[in-house]
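Written below as structure tokens is the structure these notes are about.
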Amino acid sequence: EKGEYRHFMQKEIHEQVRALTDTLAGRVDFEEGKIRIPQLNLTTEKAKQINKIIITACGTAAHAGMVGKTYLERIARVPVEVEIASEFRYRDPIVDENTVVLAISQSGETADTLAAMELGRMRGAILWSIVNAIGSQAMRLADGYISMQTGPEIGVASTKAFTAPLVDLYMLAIVLGDMRGYLSDAERRKLVNDLRLVPSLVGECLNREDAVFEVSKALKDVQNSMYLGRGINMPIAYEGALKLKEISYIHAEGYPAGEMKHGPIALVDKEMLVLAIAPKDPWYDKMISQIEQAKARGGKVAVIATDGDTRAAEIADYVFWVPDAPWYLTPIVTVIPLQIFAYHIATLRGLDVDQPRNLAKSVTVE
Ligand code: F6R
């Protein structure tokens, strides 16, 4: 089943072009500049009544939700909270019948995420899910859902079930922004049209696997790493760090880069790998100054940078180049080299990436 690939994780990383092409198919009308997701069961009246969206999920799915917050706030002007499901379920959250509780889950069977949905139901919220496993609980419990078009994900480290919900959340934001009257015709058309770029941008990143492999060889013995990002790419720092720690067992932390000076920068020395996510997005200049600070303290610095960015390249010891993309779409691009990097580091260390120690694919107990 793995075909030409050594591991399911590698196969699933490479399946992302297909998965994202399928994610757009049947939902995006490029002619009209419209998105249609009938399974959401959403009326314009209801869309206008929504007062808040609480995104709830665990692990990688929660990181996707954090990117979604930027989409939903900027494009649909809805207040969004992102809540780790195991926390949300034991709080006394402020939820009413105009609040959406939106669960994101690959398996659709994660115990904490389902319990968070039940809590939303009990408080009368509108329940939505973005879910991969067809017919799973998270799909059945919801009033409306978006079905990820990734196909089954077998590798324990989630990859294609991360990028698919990013695109789903972007599309959801356009649907809501349109229904709530926050998007002009021209804005909506531009956002929809940019979706055309997604499969080829991801394909371009995958074509650069060899370059990522070279950096992986140079860095395979690091013991500590810090992933930094800001704005829409801040959750990619969390996600990149999670990928590395779960399959390579290397200590990795993700931080919003602006938090560095509030403590973590004390850890930076020549043994520390600082991995900065700095594509050309609205937070780029801030990222550059933070990369300079890490470099000045002697850290080994790797940067994810947009093609042609000589400023980033001059500071960095290692660069992962990514193609230029509209800033909303940069997380879909920047996460790919981080998935590939984690994969190669783990295999170079002789580890079984599909079955990492202590982890299960689906966490059906608390
Ligand atoms: C990380 C990973 C986990 C899952 C989390 C939620 O690579 O796979 O963090 O993302 O356990 O699982 P689902 O999406 O099935 O609810």
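Electrostatic bookkeeping for R36 treats Lys and Arg as +1 and Asp and Glu as -1; over the other residues with beta carbon under 14 Å from its beta carbon, the sum is -2.
Surface composition of the range 223-366: carbon and sulfur make up 49 percent of the accessible area, probe 1.4 Å. Within the chain, what percent of beta bridges assigned by DSSP are antiparallel, to the nearest 5? Percentage antiparallel, nearest 5: 5. Here, the range 1-100 has an Rg and a Dmax of 17.4, 50 Å when only alpha carbons are counted. Taking square-rooted eigenvalues a ≥ b ≥ c of the alpha carbon gyration tensor, is the range 235-281 rounded, prolate or oblate, where a/c under 1.5 means rounded and, failing that, a/b exceeding b/c means prolate? Oblate, because a/c is 1.5 or more while a/b does not exceed b/c.
Computed over the range 160-231, the percent of Cα pairs more than 19 Å apart is 59. Within straight cross-link reach of K48, meaning Cα distance under 16 Å, which aspartates and glutamates are found once same-chain residues fewer than 8 apart are removed? Here the aspartates and glutamates satisfying the reach criterion relative to K48 are E73, D96, E97, D178.
Helix 234-248 and the longest principal axis of the C-alpha atoms of the chain enclose an angle of approximately 60°. Our note on the geometry: Cα centres of the range 158-209 and the range 284-336, 22 Å apart.
Comparing mean-square fluctuations of P356, P165, P331 from a GNM of the chain with C-alpha springs under 10 Å, the top value falls on P356. Normalised by the number of residues in the range 113-211, the mean separation of alpha-carbon contacts (under 8 Å, six or more apart) gives a relative contact order of 15 percent. Helix 330-348 and the longest principal axis of the Cα set of the chain meet at an angle near 50°.
Principal-axis analysis of the Cα atoms of the chain puts helix 59-76 at an angle of about 60° to the longest axis.
Efficiency by 1/(1 + (r/R0)^6): what FRET value for A313 and A186, r their Cβ-Cβ distance, R0 = 35 Å, to the nearest 0.05?
The computed FRET efficiency comes out at 0.50.
Charge tally for D92 (other residues, Cβ to Cβ under 15 Å; Lys, Arg +1; Asp, Glu -1): -2. Averaged per residue, the range 216-366 has 39 square angstrom of accessible surface, using a 1.4 angstrom probe with ligands and nucleic acids left out. Packing order of peptides 277-283, 359-365, 310-316, highest average first: 277-283, 310-316, 359-365 (average count of other Cβ atoms within 10 Å over each peptide's residues). Residues M234, M122, ordered by accessible area of protein heavy atoms at a 1.4 angstrom probe radius and largest first, appear as M122, M234. Entry note, the chain: relative contact order of 19 percent, from Cα contacts under 8 Å with a spacing of 6+ residues. For E366, what charge total do you get from the other residues with a beta carbon under 10 Å from its beta carbon, if Lys and Arg give +1 and Asp and Glu give -1? Charge balance in the 10 Å sphere: 0.
This model, with +1 at the C-beta of Lys and Arg and -1 at the C-beta of Asp and Glu, gives the range 216-366 a dipole about its Cα centre of some 220 debye. Its relative contact order, with pairs defined as Cα atoms under 8 Å and 6+ residues apart, puts the range 1-160 at 26 percent. Taking the Cα atoms of the chain, the ratio Rg/Rh between the radius of gyration and the Kirkwood radius comes to 0.96.
In summary, the lysines within cross-link reach of K190, defined as a Cα separation below 16 angstrom excluding same-chain residues under 8 places away, comprise K34. Taking 31 Å as the cut-off for C-alpha to C-alpha distance, list the pairs among K2/K217; K2/K245; K2/K295; K220/K261; K300/K361; K11/K270 that go past it. Going by Cα-Cα distance, K2/K295; K300/K361; K11/K270 fall outside the 31 Å limit. The alpha carbons of the range 1-49 stretch over 50, 25, 14 Å along the principal axes, in descending order. Taking the Kirkwood radius as Rh and the Cα radius of gyration as Rg, the range 82-162 has a ratio of Rg/Rh equal to 0.98. Sorting the segments 258-264, 166-172 by their residues' average number of neighbouring beta-carbon atoms within 10 angstrom, most packed first, yields 166-172, 258-264.
The values are calculated or read from the model by the stated rules, or taken from the named source; none is laboratory data. Small disclaimer: the values here were computed from a predicted structure and weren't measured. Quick reminder, even Gly has a Cβ in these numbers, built from the backbone with ideal geometry, and neighbours come from all protein chains shown. Just the protein is used for accessible areas: all its heavy atoms, side chains included, with ligands, DNA and RNA removed. Shrake-Rupley method; radii C 1.70, N 1.55, O 1.52, S 1.80 Å.
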